[in-house]
1. Against the longest principal axis of the chain, how steep is helix 124-137, in degrees 0 to 90 to the nearest 10, with axes from Cα atoms?
2. Go ahead and estimate [θ] at 222 nm for the chain from helices alone: -39,500 (n - 2.57) per DSSP H run with n ≥ 4, summed, over the residue count, rounded to 500.
3. Hey, if you drop one equal point scatterer on each alpha-carbon of the stretch 89-167 and run the Debye formula without solvent, what base-10 log of I(q)/I(0) do you get at q = 0.13, 0.14, 0.15 Å⁻¹?
4. State the label only: which of (i) 48, 44, 28; (ii) 55, 43, 29; (iii) 46, 33, 28 corresponds to Cα extents along the principal axes in Å computed from the shown model?
5. For the stretch 1-141, what is the relative contact order in percent, using Cα pairs closer than 8 Å and at least 6 residues apart in sequence?
6. Using 18 Å as the cut-off for backbone N distance, which residues of the stretch 101-135 belong to the label zone defined by a point 7 Å from the Cα of Met151 along Cα→Cβ?
7. Using Cα atoms only, what is the angle between the long axis of helix 28-39 and the major principal axis of the chain, expressed in degrees (0 to 90) to the nearest 10?
8. Over 18 Å between Cα atoms: which of Lys5/Lys81; Lys66/Lys149; Lys30/Lys68; Lys12/Lys84; Lys111/Lys155; Lys94/Lys152 fall into that group?
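The values are calculated or read from the model by the stated rules, or taken from the named source; none is laboratory data. Everything numeric in this text was worked out from a predicted model, so none of it was measured. Heads up, the Cβs are rebuilt from the backbone with ideal geometry, glycines too, and the neighbour counts pull from every protein chain shown. Surface accessibility is based on the protein's heavy atoms, side chains included, excluding ligands, DNA and RNA. Shrake-Rupley method; radii C 1.70, N 1.55, O 1.52, S 1.80 Å.
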Amino acid sequence: RITDKLDVNQAKLSLGFRTNITADSEEYYKLLVYNGILGGGIHSKLFRNVRENASLAYYIFSRLEKFKGLMVISSGIDADKREKAEEIILRQVKEISEGNISDYEFDSTLKSIETGINSLNDSQLQVVDFYLSQSITGGSDTLHSLTEKVMKVRKKDVAEVASRIKLDTVYFLTP
C-alpha cells in the first residue's frame, strides 16, 4: 500500500494485480475477456457498479500489461470515498471469480473485443503494433485468429482465470 500526496483536485486510486498470464499463454484469450467484463467499457462491472450505481468514481477502468502478466484498475475518486470505492472494486473482482457474470456483461464484452480487433485494421500503426507484439511474444495470431479464439471463451473459463488473479499493490494519490 502506497499513499502519495500532491496538489490535485481528484484522488487517484489504482490497484495492481498479478494475473500470472502473459500474451504467450493460451489462457491470454480468457484473460482478455475477463478484463473486458471487469473494466473494459460502459458494460463492465467496474463502470456500472462503482461509477454508475455507487457514484464513487469520475472514471474507472482496468487494463492489461500483457508482457508482464499484470492488470491495473485505475480510478479517479473523491479522497474521502477511498475505502468504499476499494471495497466495491474488490467485490467486482470476487464476483467474477465466483462466476457471477451476466449474459449482458459477457455478450457485450465479446462484441466490444471483436469490434476493437476489427478496428485495428483502420490504422496501419495499430496493425504494425499488433504484429510486433506477436513477434515479441512468439505468437502466431492474426487478427482473425485472435477474434476466433476470443469468441470460444466461455463464462466458466473467465471465472477460472479470475480465481487466480491476486492483488499486489494499492496506490492512492490524494490531495
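1. The answer is roughly 90 degrees.
2. Numbers: 6 runs with 76 residues, N = 175.
Taken over the chain, the calculation gives -13500 deg cm²/dmol.
3. -0.53, -0.60, -0.68
4. It is the value labelled (iii).
5. On the way: 176 pairs, mean separation 37.7, N = 141.
The normalised contact order for the stretch 1-141 reaches 27 percent.
6. From the stretch 101-135, the list is 106-121.
7. Roughly 30 degrees between the two axes.
8. Working: Lys5/Lys81 16 Å; Lys66/Lys149 16 Å; Lys30/Lys68 16 Å; Lys12/Lys84 14 Å; Lys111/Lys155 14 Å; Lys94/Lys152 23 Å.
Pairs exceeding 18 Å: Lys94/Lys152.
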